Amino acid sequence: QSESNSSPPKMTEMEEITSRVAQLELGFDTYAVDAAAPEPVPDADTWLKFGVHSLNMTEETAYCDEQLVQEVFALRSSLDEYDGRKIRTARNRSNFFEVKSGQFMNRAALKIANVDAAFEWKLCLLPEEEDGTLMYFADIFGGPGGCSEYILWRNGGWKARGFGFSTFGDYEFQPEYFRAVCPETLDPFYGANDDGDLFDPDNIRGFIDYVMAQTDQRGVHLLVCDGGFLLKNNTQEVISKQLYLLLTMLAVTVIRPEGNAIIKVFDLYTPFSVGLIYILTRMYAKVSILKPSSSRPANSERYVVCQKRLNKNPDMGEFLFSVNKVLRETDKTMCDILHLVSEELIQKDADFCHFIRSSNNELARRQIKGLEALIEAMQPGYRPKPVDQDLVQQTLWRLWKLDHKSPLAPSMEANTKPIKEYAAQFVDDKTLELFRSSGHVLNDSRPLRKTFGTPHGWSFVALDVSVDEGKTIRTVFISKGNGNVFFYDKKNFEWRQIKEYQLILSPQTVLYGEIVEEIQIKDNQQKNIYALHIIDAIVLGGVDVREYPLAKRIALCTKFAAALNRPLWHLNSNRVRPIPVRAKQLYALADMERFFQSVTITQLVSGTKVVGCDVERFDPRETTRVYIPRALLFVRHSQDGSGSGGGASSRKMICNFERSFRSRQVWMWSRTCQIYSAKQYADIEKEPGLVHRVDFEEFIDEFEDEN
């Protein structure tokens, strides 16, 4: 039965739920930057103030009403008299918004979804103007990974790429337990030293360098932190200050201009914490502090939401980095950093001081009410007001837009299906027959004009695998996820699981590609590394692309590969590393000269020189990363020689996957003279039976002359 036909009492209760959410989430405090205000220049000599830190948080009243602070901590301290199990039971009974995690692994995902909804889903989704790229995000101290699970789910799985930075143990990432989405595009990182020490300067620098290298030096679109603290006393903020410092440091270093940050904090009473918020207000166009309805009312957690990072103050990151080193080296029992920003500078900004005090006072009042309700719920004879928790959850799901999508992660039943049955969901018997062929091999018995007709309906990619041999194969691959990838054995007409190397692909993926040997030269040592090069695709992580034009399919393959690649060069351990995944560079047949201009002559460590195609280097220590092209594979992208069109007739001319696959023509290179250009050599002796580059040059030139 639809909600519109629900009984009046239900509607009234739903309206009450919606009203309560609005009261909690519409009045949060926001500070907007004054564009005309001068940029503060960080100066350790005038900003930092050292001293002995008081462990009595009730003394921190500069940025919150003294009476409210004392009342909050008195109520908190009174909870020490109660058993932990009793407190948890009372918390569930007294919290109107005590909802379950739903399709996600934990409640952290819900809280980020709640914050995202409060900002009209402008935080965790890719901006429309960047639709062609991946949604990059960093999840700090976020294990087991609820925040990442939500962001990946909200963006449709592999269309987002996450970088996790956390500790081992309680906050270690466990993406294998994701329930709503597949985990292949989350890349956990535990530091350059691979020891999980978040505050080690080498680990921090390693994370920043890694993220920037993987995002073309642009940074991520979003930084999020929802890590909790296993602390039970009033010193929570004192102990967590180093984490807040780290988060602020990353929020001003790894986020691209116009990017956002969602940072969970607890009390913001100390001058040090207030200094961090002050810095954020100078680095972002807007900074807000809110406690969403999904956050339990008796605790002090709140979320600092930073919107639209400004491209200014480049020295701030290094300043915070230096402060972190001082904090790490200082014995805090003797001397600690009490002020991060000079008190005089903060007090000059009356609007900022009002922003902090207003937020702290309002959230303290709400926490007092929450603590009083929690304590009341533990008293003998307490009778909670009846609440339809299912209706509360349904209403919140609707408000947060969580009820309109089904989980993206494959079911257990799908994972246990035999591969033949699993593959049948994506490819029928007719398509399977296509996979048995490697394509038509060109020879000089048939003129190129008869084979191609026109150079303008064709594209090509360079191949390493001319003949399947050993681990290097060119065929169709299918993935069930969790490293279970199969290839189609063209000789035996069956799917076979890959066991020789680890290949990570999202489940529900069917693609055409080749396993190549890339040559890596690093520290004057040469090594051959297997890699998957994607040529074309049918389904990418559940997205059926087979009917798209070739150029769009290749663009999505490129995006897919970028999401999946986890170079892991930063690890010192001996973990099994997945092989790289790349999409082939697509060239137009008519523009063959551009391809040959990109080909390089590479000298190997032995001194031998080979023809090579450069590929992206994942390790900055590499001097060379190439593969040897041994053939070109030509495929049709349109039936009439045109590129694209808008009408129904033009759509028929565009080649889908099947048409492109059927059209394959392979130009094999068995002699070096085949790739010589007439511009380089006046007299080229052609070898009988072989097709040469000069044949293509003549074909393209003749066609251009005629037209």
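Every number in this text was worked out from the coordinates using simple rules, so none of it is lab data. Since the structure is predicted, the reported quantities are computational estimates derived from the model, not experimental observations. Cβ coordinates were reconstructed from backbone atoms using ideal geometry, including for glycine residues, and neighbour counts include every protein chain displayed.
Assorted remarks:
- Helix-only CD estimate at 222 nm, as mean residue ellipticity for the chain, using -39500 (n - 2.57) per DSSP H run (n ≥ 4): -10000 deg cm²/dmol
- Sorted peptide list for 481-489, 167-175, 247-255, criterion being average Cβ within 10 angstrom, highest first: 247-255, 481-489, 167-175
- Arranged from fewest to most other beta-carbon atoms within 10 Å of their beta carbon, Y190, Y82 become Y82, Y190.
- Residue pairs exceeding 32 angstrom between C-alpha atoms, taken from K241/K522; K122/K552; K430/K559: K241/K522.
- In order along segment 14-19, the Karplus-derived 3J(HN,Hα) couplings, from 6.51 cos²θ - 1.76 cosθ + 1.60 at θ = phi - 60°, round to 5, 5, 5, 4, 4, 5 Hz, and Gly and Pro are given as x.
- Spacing of the two label points (7 Å from each Cα toward its C-beta) at K552 and T12, in nm: 5.2 nm
- When each of the peptides 664-675, 277-288, 469-480 is scored by how many other beta carbons lie within 10 Å of its residues on average, the order from highest to lowest is 277-288, 469-480, 664-675.
- Global form of segment 92-179, assessed from the alpha-carbon gyration tensor, a/c cut-off 1.5: oblate
- Extension gain, H440 to S78, is 122.3 nm, computed as 0.36 nm per intervening residue step minus the present C-alpha separation.
- Given R0 = 45 Å, the distance between the Cβ atoms of L55 and R218 translates into a calculated FRET efficiency of 0.60.
- By other beta-carbon atoms within 10 Å, ranking M57, M334 with the fewest at the front produces M334, M57.
- Beta bridges per DSSP with both ends in the chain, % antiparallel, nearest 5: 75 percent
- Dipole of segment 165-206 [Lys/Arg +1, Asp/Glu -1 at C-beta], most positive-end residue of P183, N193, G206: P183
- Gyration tensor (alpha-carbon) shape descriptor, segment 166-293, a/c threshold 1.5: rounded
- Protection proxy ranking, peptides 314-320, 437-443, average beta carbon neighbours within 10 Å, highest first: 314-320, 437-443
- Hypothetical label at V326: residues of segment 186-222 whose amide nitrogen lies under 17 Å (7 Å Cα-Cβ projection): 201
- Positive-pole candidate from F119, V476, S598, dipole of the chain, charges at beta carbon: V476
- Ranking of S77, S445, S101 by count of other Cβ atoms within 10 Å, fewest first: S445, S77, S101
- Spatial separation of Cα centroids for segment 464-529 and segment 369-388, in angstrom: 60 Å
- 20 °C / 1.002 mPa s Stokes-Einstein diffusion coefficient of the chain, Kirkwood radius on C-alpha pairs, µm²/s: 74 µm²/s
- Dipole magnitude for the chain: computed about the Cα centre from +1 point charges on Lys and Arg Cβ and -1 point charges on Asp and Glu Cβ, it is near 1820 debye.
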